[in-house]
Amino acid sequence: MPTSTTELRALVSTWPFGEQIARIDGSGLMGGAGGLVGRVGGYAISAVSVATSLVLLVIAGVFLAVSPRLYRDGAILLFPPPRREAMRESANATGQALKAWLLGQLTDMVVVGVMTGIGVALIGLPSPLALGLIAGLLAFVPIVGSIAGAVPALLVAAQGGWELMAWTLLVYIIVQQVEGNLIYPFIQKRAVKLPPVLTLFGILAFGTLFGFLGVFVATPLLVVLFVNVRLLYLRRTLGEDISTPGQA
């Protein structure tokens, strides 16, 4: 990252008014010790905090996955007896929808990672395997992940000049268009097809409330809300004849 930042600063210096931009201090991207490189320590602490939260989240998910009936039945007991059958149906439908969504999302992540790795390798960008892995992992977060995945690649491409940066940006745009218009809709059609606007505002809302972890778990939480609104409100309350995600 320090090398890429230095190269990016040198590249910007060649642009019109680039010298003025490159000398910007404070909170700018290339602001020397006060910029990104100078705040590495703070970012490292934040990264450790996020990593710890993710580990705890994964451990909790493993416990829930090992004994789902135990936690489901325990939660259902909190409701009055007349409501328990409806809540049991809701919990089962939610589990099916989350399973279908997760399988579809993992497939999408693999495809994005492979396409990105091949694309950056074809244009001669260093570390194509690492960049493909980063893009695939960040694809777990719809919309936002594809944008964030391009940032490390552009920093690496800055060492090769503006032409390599342009080719890198083109690769990520092509991958994003193919994934967003062909792959993702096809996969989620058989899983959980969340409206794009709902997904975007859900990510923004959960991110604002809970930070990075909110962005990370926003989509599965939206799946839970989506299923329960369709099942408990539209079907049971309004009497609409609709299916829930994850069901035929």
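The values are calculated or read from the model by the stated rules, or taken from the named source; none is laboratory data. Given the structure is predicted, the values throughout are model-derived calculations rather than measurements. Glycine also receives a Cβ, built like all others from the backbone with ideal geometry; neighbour counts cover every protein chain displayed. In case anyone asks, the SASA skips ligands and DNA or RNA and just uses the protein heavy atoms, side chains included. Shrake-Rupley method; radii C 1.70, N 1.55, O 1.52, S 1.80 Å.
In region 115-138 there is no residue that is at pLDDT below 90, open to solvent by less than 30 Å² (accessible area, probe 1.4 Å), under 15 Å from the mean Cα position of the chain (by Cα) and closer than 27 Å to GLY211 by Cα.
Within region 63-89, the set of residues being of a type in the set (A, V, I, L, M), part of a helix (DSSP H, G or I) and open to solvent by 80 Å² or more (accessible area, probe 1.4 Å) comprises LEU64, VAL66, LEU70.
Mind checking which residues of region 145-191 are under 27 Å from ALA100 (Cα atoms), over 16 Å from the mean Cα position of the chain (by Cα) and outside any helix (DSSP H, G or I)? ARG190, ALA191 - these are the residues of region 145-191 that are under 27 Å from ALA100 (Cα atoms), over 16 Å from the mean Cα position of the chain (by Cα) and outside any helix (DSSP H, G or I). Taken over region 90-114, the criterion of being touching a Leu at 6+ places or on another chain (Cβ under 8 Å) and open to solvent by less than 20 Å² (accessible area, probe 1.4 Å) is satisfied by SER90, ALA93, GLY113. For region 234-248, the criterion of being polar (S, T, N, Q), assigned to a helix (DSSP H, G or I) and over 16 Å from the mean Cα position of the chain (by Cα) is satisfied by no residue at all.
Pairs only if they're at least six apart or on different chains, beta carbon under 6 angstrom, first in region 209-230 and modelled with pLDDT under 85 and open to solvent by less than 40 Å² (accessible area, probe 1.4 Å), second aromatic (Phe, Trp, Tyr) and assigned to a helix (DSSP H, G or I); list them, first residue then second. Pairs found: GLY214/PHE206. Out of the residues in region 192-208 that are part of a loop (DSSP other than H, G, I, E, B) and open to solvent by 50 Å² or more (accessible area, probe 1.4 Å), which is modelled with the highest pLDDT? Top of the filtered list is PRO195.
Filtering VAL156, VAL175, VAL171, VAL144 for residues that are among the β-branched types (Val, Ile, Thr), closer than 25 Å to PHE226 by Cβ and either touching a residue at least 40 places away in the same chain (Cβ under 8 Å) or open to solvent by less than 40 Å² (accessible area, probe 1.4 Å) (or both) leaves a single hit, VAL144.
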